[in-house]
Amino acid sequence: MENPLDNNPNSTRFNPEDPSQVSVDSIRTETFIFDGDSIASCGDTTVQADGHTRRIAIDSLANLHVKEIEAFAATNELCFVKRNYEAGEYLLHQGDLAEGLFIIDSGTVQVVDKVSGHLIDQQSAPGVFGEISILTGQPCSADVIAETDVTARLLSAQSYASCETAGLNVEQVLGGLASTRLGHHVHDALHGKTLHGYRIDRCISRGGMGVVYEAEDPDGRQVAVKMLMHRFIADESMQRRFADEAAMLERLDHPNINRFLDHFQEYRTHFLVLQLCDGTDLGKYVQQKGCLPNAEIKSIIKQVAAGLLEAHEKGVLHRDLKPANLLISRRGEVQIADFGLSRLRELQSVENTIVGTPTYMAPELFRRIDSGMRGDFYALGCLMYQLVTGRHLFRWQVLGELIKTKNDFCPETAITSESIAELRDGNPVDPEILNWIVTALQADPQKREIDLARIASRD
């Protein structure tokens, strides 16, 4: 059967019989196949915890798509018309449909929101702009003004339509380029736009699958709006997965699960509307605080257990439980978020793909053995260890080494009250928490006897 994610450009592949072939440090705490998204509001100026590194990666990806468009231009020169603009002249007007797709050959342009006067971007050769309007059929979201004299090539909207009709897949390239632009800045092309009644205020997070915005709903309440990236515009399997996430979330109504509010399609992609957390994600929280006191750890675990129990009782497996997918409010309220990899328990996994975050994944999942909710239990164990010690249980460089370590791991000897106390500056861990961790981290899924109801009801 064809793998539904085979065409996902963000996926990481390996042979389960020889997993050591993969040596990618960046996936150590990222979601396997695609990144998870945070729905937490993390400050006015920070889009990602490691924004500088992320921005370099995004710029590199944008340049790759520009080169693809340039290559297309070189082999289809008849589609393009050369244009010259003097400094101060407008190439695109906010509120109007783009005349087409522009490629800058020389000079510099500024992308400005005329309503706020905010400088969104500045581009020089070989910059490309107009792609979001031509891709979605929506009016331009900003003015594009020549800062210096500019020479550019224009692929008109009519020529673009002819290219698509002729089977020249410009759309896929434009979708990839749009994905690098949206969410790149706190205020991007959707800033100030009203989509399906939700006014977009700012970008608060982006991952490999989507971008999350803070927005205002028709009643003036702040919400999180999660958008499927445009690079999946022609990927039916990814669009279906995003829609499935909405359907999955509609099943769940619990204070410890990030609440689903709405689902709509606009700008030729899918959007989810979710409850906005006024705090941060648990990964950033632990990074800032280090190992937590026993009472706070128990409070967090109790809430996570309650939310996970609700999901399991409604037949939903999360499959990507980790600190980055848990939200903690300023009042200490915890919610499980990002059900992008979840599936129903009654449906046996038929994917020919490994999904999840390697650091938190149960060892049997790397062998494509479906352990159901016991896979979530293992991730919970890794999470609890991180709360107790302030660090990851498994630190690795080569994926094959991680898998072997997990298969051979004996929590009874590796995780003791003495070893934990050393990592907590002599502060002992609550014996009950230690027992939960050891039980959850059993390599044999049948030995992971976790009573979520009992944990959730603990004082």
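The values are calculated or read from the model by the stated rules, or taken from the named source; none is laboratory data. Not measured: the values here are computed from a predicted model. Cβ coordinates were reconstructed from backbone atoms using ideal geometry, including for glycine residues, and neighbour counts include every protein chain displayed.
The number of residues in the stretch 120-145 that are crowded, with 18+ Cβ neighbours inside 10 Å and at positive phi comes to 1. Among the candidates ALA362, ALA414, ALA453, ALA443, the residue that is among the small types (Gly, Ala, Ser) and more than 30 Å from ARG241 (Cα to Cα) is uniquely ALA414. Does the stretch 97-105 contain any residue that is more than 31 Å from the chain's Cα centre (by Cα) and closer than 26 Å to GLN158 by Cβ? Looking through the stretch 97-105, at least one residue is more than 31 Å from the chain's Cα centre (by Cα) and closer than 26 Å to GLN158 by Cβ.
Strands (runs of 3 or more DSSP E) fully within the stretch 252-332 that include at least 1 residues being farther than 30 Å from ARG424 by Cβ and not β-branched (Val, Ile, Thr): 260-266, 269-275. Condition test on ASP235, is it surrounded by fewer than 16 Cβ atoms within 10 Å (Cβ to Cβ), acidic (Asp, Glu) and under 29 Å from ARG181 (Cα atoms)? So ASP235 fails the test.
Taking helices (runs of 4 or more DSSP H) as the structural unit, those lying wholly within the stretch 105-213 and holding at least 1 residues that are out of contact with any helix residue (DSSP H, G or I) (no Cβ under 7 Å at 6 or more places or on another chain) and at pLDDT 85 or above correspond to 131-136. The residues listed here are MET227, MET248; of these, the one that is buried (at least 19 other Cβ atoms within 10 Å of the Cβ) and modelled with pLDDT under 90 is MET248.
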